[in-house]
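Peer 1: Right, I'll just put the structure down here and ask away after.
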Amino acid sequence: MTPSPAPASAASSLERLLRALSGTVLGQAHVVADLVTAFLARGHVLLEGVPGVAKTLTARSMASALGLGFTRVQFTPDLMPSDILGTHVFRPQEGAFQLVKGPIFTEVLVADEINRTPPKTQSALLEAMEERQVTLEGTAHALPAHFFVVATQNPLELEGTYPLPEAQLDRFLMRVRVGYPSPEAELDMVRAFHQRQGRPPQVERVLDAPTLLELQARAAAVACDDSILDYTVRLIRETRANPRVRLGASPRSAQALLAAAKARAALHGRDFVTPDEVKAVCPSVLNHRLLLKAEAEVEGLTADDVLRHTLERVQVPR
């Protein structure tokens with residue numbers, strides 16, 4: 001078994017990755033941090049934002065920096081499960097059926113506008129995201145070890161869309177809000193576009209496959225004190241006790257929160273989790289796992305508001 005890299009080596013590798021992504025994806029530092037965190041934790045990400053805020057560019061840049069294969073699928077109302085998973089096609093010259101693999105057989109899959117396709121096609125991703133395999137006609141086909149889904153959706157254009165069911169949302173480790181950049185960052189974007197003369201940005205590969213596996217193993221092995229475990233559970237249970245919440249976070253959410261906090265600690269070059277890591281990843285890990293009561297939504301409250309209140313109420317371990 002290959003040993004995990006030393007803390008300094010791991011921190012250096014991750015620093016190169018963040019530097020490569022930040023040089024291309026301008027003004028979205030929190031999005032880059034959450035994407036890398038989810039990848040280290042072996043999770044998937046749902047990017048939510050209006051068109052034109054670099055959601056697809058971010059995913060493509062990350063795949064390039066990691067040296068991974070990249071496939072983009074535009075989800076549409078007529079997209080069928082077989083269009084994603086693949087199908088068996090009869091080859092007359094061979095007298096047999098042959099599997100033609102779909103675009104899901106990749107390493108980084110970008111599911112663009114995932115809420116524009118019917119639930120039947122959305123659910124085709126469930127097994128792949130949870131078990132990293134696809135079952136076709138009773139035969140399981142393994143997906144690459146680094147299989148990573150980055151789905152996108154526009155929160156404003158809801159006409160003709162199919163909201164993701166809770167079971168599908170739960171497969172995403174994080175839902176990351178992608179907003180508009182600051183004026184300074186937007187000016188940098190336009191300047192960079194001008195200097196490239198309209199050509200797409202190029203991201204150099206900074207990590208290799210063995211290093212990626214080692215970094216993920218290191219993130220999973222980050223130490224966690226019992227006080228942090230207790231803090232994580234108290235945060236989860238507080239969401240269920242909130243009178244504005246119809247359905248709070250599940251026990252699986254606690255595991256997701258802990259995994260993301262450990263990955264964020266690894267990203268910071270630490271081999272132990274602090275409350276700051278838990279608090280940093282809490283909004284993105286839990287904001288899609290809460291269902292608010294109707295009266296709370298009428299008041300204009302969001303899951304992010306509830307989580308801010310939760311973080312204020314639950315005492316931080318010392």
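The values are calculated or read from the model by the stated rules, or taken from the named source; none is laboratory data. The structure presented is a predicted model; accordingly, all values stated were derived computationally and were not measured. Neighbour counts are summed over all protein chains in view; Cβ atoms, including those assigned to glycine, are modelled from backbone coordinates with ideal geometry. Areas reflect the complete protein model, heavy atoms only, side chains present, ligands, DNA and RNA absent. Shrake-Rupley method; radii C 1.70, N 1.55, O 1.52, S 1.80 Å.
Peer 1: Report the charge-dipole magnitude of the chain in Debye, nearest 20, computed about the Cα centre from +1 at each Lys and Arg Cβ and -1 at each Asp and Glu Cβ.
Peer 2: Computed about the Cα centre, the dipole is about 340 debye.
Peer 1: Find how much the distance from ARG199 to LEU247 grows on full extension, using 0.36 nm per residue of separation minus their present alpha carbon separation; answer in nm with one decimal.
Peer 2: 12.6 nm
Peer 1: Could I ask something else about it? Which of ILE114, GLY198, LEU14 sits farthest toward the positive end of the charge dipole of the chain, with +1 on the Cβ of Lys and Arg and -1 on the Cβ of Asp and Glu?
Peer 2: LEU14
Peer 1: Quote the Stokes-Einstein diffusion coefficient, in whole µm² s⁻¹, for region 76-216, based on the Kirkwood radius over alpha carbon pairs, a temperature of 37 °C and a viscosity of 0.692 mPa s.
Peer 2: Translational diffusion coefficient: 180 µm²/s.
Peer 1: For the chain, what does the accessible surface come to per residue with a 1.4 Å probe? Please give it in Å².
Peer 2: So the chain comes to 49 Å² accessible per residue, rounded to a whole number.
Peer 1: Another question, if that's okay. Looking at region 30-111, which GluC sites (Glu not before Pro) are DSSP coil and have at most 13 other C-beta atoms within 10 Å of their C-beta?
Peer 2: When the GluC sites (Glu not before Pro) of region 30-111 are filtered for loop state and at most 13 Cβ neighbours within 10 Å, GLU94 remain.
Peer 1: Would you pull out the residues with amide H under 5 Å of VAL108's amide H, same chain only if 5 or more places away, H placed 1.01 Å from N?
Peer 2: Here GLY69, PHE70, THR71, PHE148 satisfy the definition.
Peer 1: Using the Kirkwood radius built from alpha carbon pairs, what does the Stokes-Einstein equation give as D for region 168-248 at 25 °C and 0.890 mPa s, in µm² per second?
Peer 2: Rounded, D is 134 µm²/s.
Peer 1: Listed highest first by mean packing, meaning other Cβ atoms within 10 Å per residue, what order do 76-83, 294-301 come in?
Peer 2: Top to bottom by mean Cβ count within 10 Å: 76-83, 294-301.
Peer 1: On the accessible surface of the chain, probed at 1.4 Å, how many percent belong to carbon and sulfur atoms?
Peer 2: Summing carbon and sulfur atoms, their accessible area is 54 percent of the total for the chain.
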